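We did not get these values from a lab; they are worked out from the coordinates using the rules stated. Worth saying up front: this structure is predicted, and the values here are computed from it rather than measured. Cβ coordinates were reconstructed from backbone atoms using ideal geometry, including for glycine residues, and neighbour counts include every protein chain displayed.
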Amino acid sequence: MYQMAKIIAQAYSNSPKPHKIMLFTLSVITLAITFWQPIIILSDDQEVKITSQELQIKSNIIIPNKDQIKSDKNKLNSLDSNNSEQLPDEGVINEKGIVSTEAYIISYNDNLTGVLTQYSLDINDIIALSNQYQDLRNLKVGQTLSWELNKDGRLQTLKWIISQRETRIFTRQGKSTKFNEEKQIRRGVWSDVVIQGKINNNFTFSAVNAGLTYNEAHEVSKALQWQIDLRKLKSGDKFSILLSREIIDGHSKQSRLLGVYILTNGKNYYAFRAQNGHYYDSEANSLEQEFLRYPTANIFKVSSPFSLRRINPVTGRISPHQGVDFSMPVGTPILAVGDGEVIVSKYSIAAGNFIAIRHSPQYTTRYMHLCKLLVKPGQKVKKGDRIGLSGNTGRTTGAHLHYELWFNQHAVNPLVANLPYTSRLTGKERQLFLAFVKENKLKLNIN
Ligand SMILES: [Zn+2]
């Protein structure tokens, strides 16, 4: 090539002017012929090279309707220049005489009948199918429908891709108008991931920043709710979280919290999930607290039940009674129903001497009309501790204890509420748990 160029260059420089022009023109034409390749220019100026083999395949395609042409063009546009350029086989008649069609993505206001009649499918088949499988009446935006017709142009198979996880396939039974349904559930790959970070501002913000979802961050708060209030963590505190996530097509579809480690004020807090779904510390002690049903050692008569529509015996007006009144002699010891922190211990006009204990971010209890307060705000109490003596202070019509249980900022009936229970790990369950902790505690280490 170099030799040839040299000879041409020499000949060129030694030639008279008309020869020079002719030689130049000839060279340009030769080069053009050498490097010319067929190029199809699409309307939006994108170039897609089509090889002769593909042109052959394209010529076998049955005549598509307008929508198919549009969609085929989109496919051509989306081919990137270095992929293997294998065209899809949708729209091509296969050996069984079945015509497959485009996949249709459900849009707003779409329904099964609307979509399929656009493609001239037999309305009787559509009605038969949607009567037989009423779930098909709840198509959601973004789901995909695709279908195959038999050689008579009747619906043979309808494929409904509900999610990355679930697909349903409806196939005609012989020549009838009945369809069989097949559910396909995809299972992703579960893999463990450790997410670590430092508190900056607040826990949820920092955890989400580090890569947790909001649901995962909430699950962490729930797992530790009886040990620490994550809202009280300070900037610079550290967390390490072990999750198992199910990955489908590169995205996490669901996850399970396996372990948590929090370092705050120089203290370590651990929580691990056992097979039973409850959380325990690394020594297999339950992290979930058991409540006492009654805040007294003996059970006293209910003088006024929990009711959200009660006539107040003092004011005569309908007002909710957000607790239970137990009539009892003045001076009866009142017990904390669970571990927690005293957040109120004071006198008020309506409640008299009253105490509020916060047991976790979710649970708070209140005790009213006491004659004596035995605890101070900020004091930590244990389940069964004496916190005061019952009395007849504040707005009352007789000596009693008014007791309230609050769950997620709502007063609930303490006599029937589902209280958290402790499920102890014993035997094999305990052994499995301790083995799990041994294997996973190291993963949570913060360097
Ligand atoms: Zn009351």
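Observations, loosely collected:
- Potential lengthening of the chain between Val314 and Gln275 amounts to 8.9 nm, from the contour at 0.36 nm per residue minus the alpha-carbon distance.
- Gained length - Tyr347 relative to Asn180, 0.36 nm times residue gap less alpha-carbon distance: 53.0 nm
- For the residue pairs Lys238/Lys428; Lys346/Lys380; Lys140/Lys253; Lys238/Lys267; Lys382/Lys441; Lys183/Lys253, the C-alpha atoms sit more than 21 angstrom apart in Lys238/Lys428; Lys382/Lys441.
- Sorted by Cβ density within 10 Å, fewest first, the residues His278, His400: His278, His400
- Over all other residues within a Cβ to Cβ distance under 10 Å of Tyr261, the charged ones net out to +3, with Lys and Arg as +1 and Asp and Glu as -1.
- Length-normalised contact order for the range 302-412 - Cα pairs under 8 Å, 6+ apart - percent: 30 percent
- Placing unit charges on the Cβ atoms of the charged side chains and taking the dipole of the range 392-447 about its Cα centre, the candidate lying farthest along the positive direction among Ala399, Pro414, Gln431 is Gln431.
- Normalised by the number of residues in the range 189-280, the average gap of Cα pairs under 8 Å and 6 or more apart makes the relative contact order 29 percent.
- Global geometry of the range 302-412, whether rounded, prolate or oblate, following the gyration tensor of its Cα atoms and the 1.5 cut on a/c: oblate
- Under 14 Å from the Lys380 label point (7 Å along Cα→beta-carbon), backbone N, the range 250-266: 264-266
- When only alpha carbons are used to place a centre, the range 375-444 and the range 311-357 end up 18 Å from one another.
- Exposure proxy for Tyr403, Tyr119, Tyr270: other Cβ atoms within 10 Å of each Cβ, ordered fewest to most, give Tyr119, Tyr270, Tyr403.
- Packing-based exposure ordering (other Cβ within 10 Å, fewest first) of Asp135, Asp125: Asp135, Asp125
- Taken over the range 189-280, the convex hull of the Cα atoms encloses 85 Å³ per residue.
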